[in-house]
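> Below you'll find the structure I mean.
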Amino acid sequence: MRDHPHGDDAPYPEVWHGRASNRFQWLLALGGAAFLALGIELAVDSAWTSGVAPLAMSVVGCIAAGLLVLFGTLAFVHVAMKVDRECLEVRCGHIGLPRRRIPLNHVAGAEFAPLVTPRHWGGWGYRWRPEKGTAVVVRRGEGVVLQLWDGHTFTITVDDAEAAVRVIRDRLRSGATH
């Protein structure tokens, strides 16, 4: 989403919205659904005469793995970021969870990151690394890196991250003058 002014004095939008998505996550979700279906298939069509314990463990294992992969991947199919006058809000997936709301008075600065990769953060999703901070990574590409006043950083992969950084910096400047 390209929400930025077209002239030097043009105002930024009242609420900036950005989004990033990852279609590959749908393939992983499909794999989770396949595990779930396998667990149900084992429970329904198996002859329980060969032993209850091994079959029950297989059924529970397939269903648990399927649900974990299915919901774990669907939570990070996309990320939505909203910046208004008071805060920045990040919501993941279709349900909007996990969600993080950061008041702009907790933000010391914002930087554009031209390349954020899941490999830098240990995979897709909501990530924390002691030396790097916290991140929401749903795809490889550009992102926003927030420096918070408590010394931590928060990175978000979002389309048109440069516009997001400009809007955040503008809100930080306008907040400092009030």
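> Can you tell me which of Phe35, Phe76, Phe71, Phe24 is buried (at least 18 other Cβ atoms within 10 Å of the Cβ) and within 30 Å of Asp160 (Cα to Cα)?
On the way: Phe35 fails: within 30 Å of Asp160 (Cα to Cα); Phe71 fails: buried (at least 18 other Cβ atoms within 10 Å of the Cβ); Phe24 fails: buried (at least 18 other Cβ atoms within 10 Å of the Cβ).
Exactly one residue qualifies, and that residue is Phe76.
> Something else now. Look at the stretch 68-91 and say how many of its residues are modelled with pLDDT of 90 or more and within 20 Å of Ala33 (Cα to Cα).
Count: 0.
> For the stretch 86-130, give me each residue that is farther than 20 Å from Leu148 by Cα and in a strand (DSSP E or B).
Cys92, Leu115, Gly125
> If you check every pair at least six apart or on different chains, which have Cβ atoms under 9 Å apart with a residue in the stretch 166-177 that is at pLDDT 90 or above first and a residue that is open to solvent by less than 40 Å² (accessible area, probe 1.4 Å) and part of a helix (DSSP H, G or I) second?
Ile168/Leu104; Arg171/Leu104; Leu172/Leu104
So that you can scan it fast, the table gives a plain yes or no per residue for (1) of a type in the set (Ser, Thr, Tyr); (2) touching a His at 6+ places or on another chain (Cβ under 9 Å); (3) more than 18 Å from Leu172 (Cα to Cα):
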{"position": "His94", "(1), (2), (3)": "no, yes, yes"}
{"position": "Arg100", "(1), (2), (3)": "no, no, yes"}
{"position": "Pro103", "(1), (2), (3)": "no, no, no"}
{"position": "Glu111", "(1), (2), (3)": "no, no, no"}
{"position": "Arg129", "(1), (2), (3)": "no, yes, yes"}
{"position": "Arg140", "(1), (2), (3)": "no, no, yes"}
{"position": "Asp160", "(1), (2), (3)": "no, yes, yes"}
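For (1) free of Cβ contacts under 8 Å to residues at least 24 places away in the same chain; (2) among the aliphatic types (A, V, I, L, M), each residue gets a yes or a no:
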| residue | (1), (2) |
| --- | --- |
| Val116 | no, yes |
| Gly141 | no, no |
| Leu148 | no, yes |
| Gly151 | yes, no |
| Ile156 | no, yes |
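> If you check every pair at least six apart or on different chains, which have Cβ atoms under 6 Å apart with a residue in the stretch 73-101 that is in contact (Cβ under 8 Å) with a residue 24 or more places away in the chain first and a residue that is in a strand (DSSP E or B) and among the aromatic types (Phe, Trp, Tyr) second?
From residues that are in contact (Cβ under 8 Å) with a residue 24 or more places away in the chain, the pairs are Val83/Trp16; Pro98/Tyr126.
> For the stretch 56-85, how many residues are over 22 Å from Arg23 (Cβ atoms), of a type outside the set (A, V, I, L, M, F, W, C) and assigned to a helix (DSSP H, G or I)? Even if it seems obvious, please write down each step before you answer.
To start, the set of residues in the stretch 56-85 that are over 22 Å from Arg23 (Cβ atoms) comprises 56-65, 82-85.
The next check asks that each one be of a type outside the set (A, V, I, L, M, F, W, C); those that pass are 58, 61, 82, 84-85.
Remaining after also requiring assigned to a helix (DSSP H, G or I): 58, 61.
Residues in the stretch 56-85 being over 22 Å from Arg23 (Cβ atoms), of a type outside the set (A, V, I, L, M, F, W, C) and assigned to a helix (DSSP H, G or I): 2 in total.
> Can you report the number of residues in the stretch 26-46 which are modelled with pLDDT of 90 or more and more than 13 Å from Leu67 (Cβ to Cβ)?
Of the residues in that region, 0 qualify.
The values are calculated or read from the model by the stated rules, or taken from the named source; none is laboratory data. The shown structure was predicted, so the numbers you read here are calculated from the model rather than taken from an experiment. FYI the Cβ positions are ideal-geometry reconstructions off the backbone, even for glycines, and counts take in every protein chain you see. The accessibility values were calculated without ligands, DNA or RNA, using every heavy atom of the protein model including side chains. Shrake-Rupley method; radii C 1.70, N 1.55, O 1.52, S 1.80 Å.
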